[in-house]
Every structure is written in structure tokens, then in C-alpha cells.
Amino acid sequence: MKLKGHSAVDLIINKRKVIEKIFTVLVILSLICLPMVGVNYDLTKYLPDSSPSAQALDIMEKEFTYPGMGRVMLEDVTLYEAKSIKDRIADVPGVDMVMWCDTTTNIYGSSEFIDYANIEDYYKDGSAYMDVIFLEKDSSPRTHKAVREIEQLVGDRGLVAGSAVSDTNLGPTINAEVARVMVLAVIIIFLILTITTTSWFEPVLFLSVLGIAIIINMGSNIIFGEISFLSNAVGAVLQLACSMDYSIFLLHAFSEEKANGVQPEQAMANALRSAFSSISASGATTIVGFLALALMEFGIGPDMGFVLAKGIALSLLTVLLLMPALILRFQDVVAKTRHRSFIPTNLRSFGEFTYKLRKPVLIAVMILIIPCYVAQGMADFTYGNEAVANSPGTPVYDAEQQMNAKFGQSNMMLALVPLNGNVTEKAMSEELESLPYVRYAMGLAGVLPDGIPEDFLPESITGMLHSEHWARIILNVRSAGESADAFRYADEIRAIINRYYPDEQTYLVGVTPSTQDIKDIIVPDNARVNLISLLGVALVVALTYKSAFLPLVVLIPIECAVFINTALPYIYGQRTMFLGFIIVSCIQLGATIDYSILLTGNYLDARSQGDKKEAAIRAVTVSAESILTSGLILMTVAYGLFFMTSVEAISALGQLIGRGALISLLLVLFLLPCCLMIFDKWIVKPDYAQKKHAKMNRIRATKLKLPTLSELHQQRLLLHEQIKANRRARHRAQLEHLQKLLHRKNAAPDADTAKEEEEHHDENN
């Protein structure tokens, strides 16, 4: 076949079977690659190399390895029982050491000689508390295995918590919860689409197409090697929610063309050409909004930005390439499964209602918008790993709370100082341990008995605290990992360390220092990313409508919705993750700007045929169904994450996205028509209707080109058709012959019966 001179649309339709095979192969390959995609749960890994925590972690990995941390509390145990369990925990493969009171107190002596007041940080009221330090980091499989063994050892006699325990349980928890969210989202989306479409099979078609795109996106994440838990958790559900419009646009355009009496293949060609601008503009704004995240200095931004943007791009390609083939293949099924519309066909009364409320809504938004803009940066924010690991409702969180209530909070920090003498190190360790909020500060210089040289001890002991160039001091601080007190304590500890090592590079490592670095990085990221996403989306809208002013009007309701959404945590007194603010601003802008674009397009169409009032009412009337469908889908998916995930970072992000979608669709329906009327003379072009009409005429005048066949191929096709015609003729002849035989067989008994009747009549006469 020769395809010279054929357009992309012609190729999509003529080569649809090949396209189906290609996507089948891609799905199979993606399913194979999917289990090989790694997932990271540690936010500190996304710190830039220039941050102090990243530099310290790099040194720690090279010199000591960065140990995982755990906490154990035993209940209703004697001192000696606790000692026995402690020793068994210390013997678990992967455990480096267990910090307990037996390091400083001889618990085997008579109870009369034990000062219980001095060990109440570790044992009181029949309960024992221990800090567990692992050989490898929290995310190490070896550490995860050790945690499981410790949980079995402790059993019902106590609780196990800490960062290593959180990391061990986090992956399975998130995977199970997100799977439930996805199932629920598919069910609810199917119901929404069933109500808003006129065929039982259309929702199946939409979900199948996007399901294929989601599988390909998830499998293709192997190119990154590893993605963040946030990208893994929300990538699929957001891709499903944000891409549904593309399928709906294409199928509706196809149905419209078929309703005009156009043949299926030609109707699909017309639909692709007419819907391409809407689909591409919608996809481009979402992609730009997501890609803005890639400009964050904090590495989780590029991680999420590339994963989400790739997902939307793959959805676009799947809808434009594969869906035409599936629509043509199943068009008869769609036709046979038609049902009456479940929603009113005319929403004019709703359009008139929004028109009546335009002034009160405008005044209310003008009053609220400045306070909301100021309030969005005043909420109580969290920044680090604790919002990921220790979320309310999780077993680890409950265990932490019980431990904190009994023994107080525990926050492990590690000081890295140059190895230049035990005297300085010992003096510093003693001063650090004297701080009222420090439970202990353990360095080799502090625990090494006087007169015993370091070389006398085995390397297995000294290597944990001393390397060739660095000394490590383990500090246990009575605070949460992320709090104002923790930040203040960390600053005071740094000041003491720098006083003992004034001219040398030192580091403080742990949840608190890492969180401080994350905070210092992502706060500036917020303003930069929001500005870039805004400018990027505005540019796409400007290019789509060939107007420099229109993007300003289109963006008004969406940006107002973003400000209101991000201000509500402050108004409610909610503590929320700052990272979610950055992400939701880009997602809300990119995902819901489509509502504004759709309503604006319908306003311009109606404005070319009537006045501003009628155009505003007509725009809402025509757009309401699509906007409500898209908004409900995004809200369903997002609030599913909010209600069904126990991980605070994911849950909070779901709430922000779901609430943002609701506020966006309300402001688009109630505020945007008023804005369009106010700026009417700057956005309405007198020749708009003529240009659009001319464009549709050109599209419908462009005939689908079939592949050009060679003369030999034509002869083969003619011969094949002749063979089929001959077979049909023989089949007809055989049928006719059989019918004649049956007729004769039926006619013979009738003749015999007639002869008998005639003879009987003669006898009677």
C-alpha cells in the first residue's frame, strides 16, 4: 500500500488495526516492567546536593552508613525480663545496638542499690523503653526484615514504632489503600458517566481507553528507575480523573458527525479534525501545569511533574490514536446499548439562575480574595517525613502516642565532627548530654574507659562511632521530629558543635535537620512554581485563541479558586503539609482550567448570535453538564484519597485537590460568565462565527483518503471479490435447488390425496 499524500488522520483510521496491535504490545511490556519500578518513601532523598543534610547523608553513607531508627516499649515486665528481651532484640540480624538503661546501670544488682529515678527514661511502672539502631537505613530490606523479627519478639507484650517501622509498613499500607481508592473511583466514575451519557457501553469504552494509558504510564516509569510514594499513589488516579474529558470530546464529536448522515470512517476523520484543538488545548494546559512542578529545587517536584505530565501526554496519544479504532470497532455495540438521558436535556433554568447571582458572587469574591491570598501562607504547615510516616489512624502513630505519653517524645539526631582528638569530642559530648532536653549523647570518646586506647577495642565496636576521618555522636532529644521546639533544639546543638569545632566543617543529621533544610528549600519553590505554571497555562490559552487578553479572563476564576482553597486550612485551623500547597496549586490550575476554556468557547459561540446576557446564559446552559461531569470525577477521585488513605501526606493532598475542583467548578459556572460580560468588548471578535463556520466547512469538505493500491494488489482484490461472489452465487443456487426438492416432496402427497378423493366421489355416484 502506498500512503503518500495521506494526512495523519487518514493514517489513524486506515491503520487502526496496526495501532491496536501496537498498544497491545505496549500494555504487555508495561505490565512486565511495572513490578520493577522502585518506590521511595524518604523525602530527604529529594534534597539537592548543595543542602547540608544531603552532604551529611552522603558522608554518613560512605563512612558509617545511615542507620535506621526504631523504638520499643514493653509493658508489664520486670527489669530482668526487659533485659532478656533487649538482648534478644540486639541479636536480631540487622540490628546494630539497643540503647537501654543497662548501659549505665547494673540491673543485676540488688534492687536496693538501683536508683530507679535515674533510669525512669527507660523503665518505670512496669514498662521498659528502648531505642533500636539498625545497621542499615530505614528503607533497607535488611532493616525491614529486622523490624518484622522484632515485632514477633515483642508480640502482645509491647509496641514497636520509629522511622524504620514506619518505612516497613508504609509501602504495603499505601498500596492496599490506593488500590481500594482506584476500585471505588472506577465504580463511581462509571456511575457518573452512565448518568451523563446515553449508552451503557460508553463508560466501558472511556474507562478501557484510559486504563490502557494508565498501565502504559505506570510501566514506563521504569525509565526513572524509582519514583516517589506520592507519584506512585496519586499518579494513576489523577491521570484517570484529568484525562476523561478527552475521550468524551472525541466520542461526542463522532456522534455529532454520524447524526448528520456521514459514514463512520468519514465521521471519525471529521471528529478528529474538529475535536483536536479542544483536546490538545485541554491536554496542553494540564501538562504545562504539571511540568511546572519539575522546576522545583526540591527533587520530589520534578519526580511528580514528569510522572504526571507523562501520564497526561500518554492519555492524549491513546485517545487520539487508539480510541478512534475502538469507537469504529464497537460503534454497533454503542448503538445497541443506547438508553434515555438521565439528566435534563435543557439546563436553561440553571443558566438563568447563575445569571441572576452574577453580581452577588462577584462582590463576594472581591471581598474575600485579598484576605484569602494573605491567609494562604499563614496556615500551620508541616514539611518533612513525619507527615508521611506517622499519620493519625495508623498503628505506628498510635504506638508513638502511647510511648510519648509514658516516656516522652524521642528524636534521634547524629552529629558528624572531624576526627581530631578524643578530648574535644568528650567535652562536647558531656556538654550536649547536660542539656535538659537531651536524653543521652553517646560518642566513642565519652564511653571509652579512661586509660584504654581506642585501638584496643575491636573495629566492630569502634567503627560504629569512628571512621578514618569522622567521629559520630548519637543524640536522643526529647522532642518530636518536626516542631518549633525541635528546630530550636537543633539550632542550639549546632551552635555548641560549631563552638568546639569553629574552623572545621561539621554536620547534624536526622529528621529535624533534614526537615529544616526541606523547609528552607520548598518555601521559595512555592512562589516560583506558581508563577511559572500560571504563565505557562496563560501562554497555551493565548496560542489556542490567538488572543493576548483572553487568558487573563479565563484564569480569573481558577486563580481565585486556588487562593480560596489554600486559605481554608488557616481558616479551619488545620495543620497541613506545605508540599501539598505547591502541588495542588499546579494540579488545580492545570486540571480545572479546562472548565474555563470550555465555557469561554461556548460564550464566544453564543455571543456571535446574540447579546451578552443571552451569551452568558447560553454558555452555562451548554457547558454545565460537561463541567459538572468532569468536576465530579476529579472530586470523586481526590476525596477517595482523602477518606481512604491513612497517610497524612496523601490524604491532605486528596482533600486539597477535591476541594479545589469543587471551588473551581462553582466559580467557573457562577463567576466566569460575569467576567466575560465585563470584558466582552476586549475578547469578542466580530468575525469569530464566520471563521469557525469556515473551519468546519473545510473539515467536512476534506474527504478521507483510502490507501492507494498497486495494480497487482487491485487485481488480487478483484479476484478475491469475484471468488466470494461465485461462492455466494453457488450458495444461492444450492438453496434454490433444496427449496425445489422440498416443494416437490410436499406436493406429491397432495396429488395422491386429490386422486383418492376423486375415486371416492366416482364410487358414490
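Each reported figure results from applying straightforward, stated rules to the coordinates on display, with no laboratory input. Not measured: the values here are computed from a predicted model. Cβ placement follows ideal geometry from the backbone for every residue including glycine, while neighbour counts extend to all protein chains displayed.
Listing for the model above:
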| quantity | calculated |
| --- | --- |
| Region 248-267 residues near the modelled residue 194 label - backbone nitrogen below 20 Å, point 7 Å along Cα→Cβ | 248 |
| Net length gained if the chain between residue 333 and residue 718 were fully extended (0.36 nm per residue, minus Cα distance) | 135.5 nm |
| Overall Cα dimensions of region 53-166 - principal axes, largest extent first, Å | 48, 28, 20 |
| Percentage relative contact order, region 128-266, counting C-alpha pairs under 8 Å, at least six apart | 16 percent |
| Highest average packing first - 163-176, 720-733, Cβ atoms within 10 Å | 163-176, 720-733 |
| Cut-off under 5 Å, modelled amide H: who pairs with residue 199 long-range | 339 |
| Above-threshold pairs, the threshold being 24 Å between Cα atoms, out of 359/692; 546/681; 45/310; 17/705 | 359/692 |
| Peptides 194-207, 324-337, 578-591, 15-28 ordered by average Cβ neighbours within 10 Å, highest first | 578-591, 194-207, 324-337, 15-28 |
| Mean separation of Cα contacts under 8 Å, 6 or more apart, over the residue count of region 53-166: relative contact order % | 42 percent |
| Volume of the Cα convex hull of region 615-687, divided per residue and given in Å³ | 98 Å³ |
| For region 14-93, the Rg and Dmax computed from alpha carbons only, in angstrom | 24.8, 80 |
| Across 426/519; 258/703; 21/258, pairs whose alpha-carbon gap is larger than 23 Å | 426/519; 21/258 |
| Residue 646 long-range amide H proximity, modeled H, under 5 Å | none |
| 20 Å cut-off, amide nitrogen to a point 7 angstrom out along residue 691 Cα→Cβ, residues in region 554-576 | 554-555 |
| Sum of side-chain charges, residue 504 neighbourhood, beta-carbon under 14 Å (Lys, Arg +1; Asp, Glu -1) | 0 |
| Net lengthening on full extension, residue 734/residue 547 (0.36 nm per residue, minus Cα-Cα) | 60.3 nm |
| Dipole axis of the chain (+1 Lys, Arg; -1 Asp, Glu on Cβ), positive-most option in 34, 473, 489 | 34 |
| Listed peptides 734-742, 215-223, 409-417 by packing density, highest first (mean Cβ within 10 Å) | 409-417, 215-223, 734-742 |
| Alpha-carbon centroid distance for the pair region 27-76 / region 630-690, whole angstrom | 36 Å |
| Efficiency of FRET from Cβ geometry, residue 496 and residue 27, R₀ 60 Å, rounded to 0.05 | 0.55 |
| FRET efficiency estimate (nearest 0.05) - Cβ-Cβ, residue 91 to residue 505, R0 56 angstrom | 0.90 |
| 438, 423 arranged by Cβ crowding within 10 Å, fewest neighbours leading | 423, 438 |
| Total lysine pairs under 24 Å (Cα atoms) in region 53-166, excluding pairs fewer than 8 apart on one chain | 8 |
| Whole-Å distance, taken between Cα centres, linking region 609-629 and region 311-387 | 15 Å |
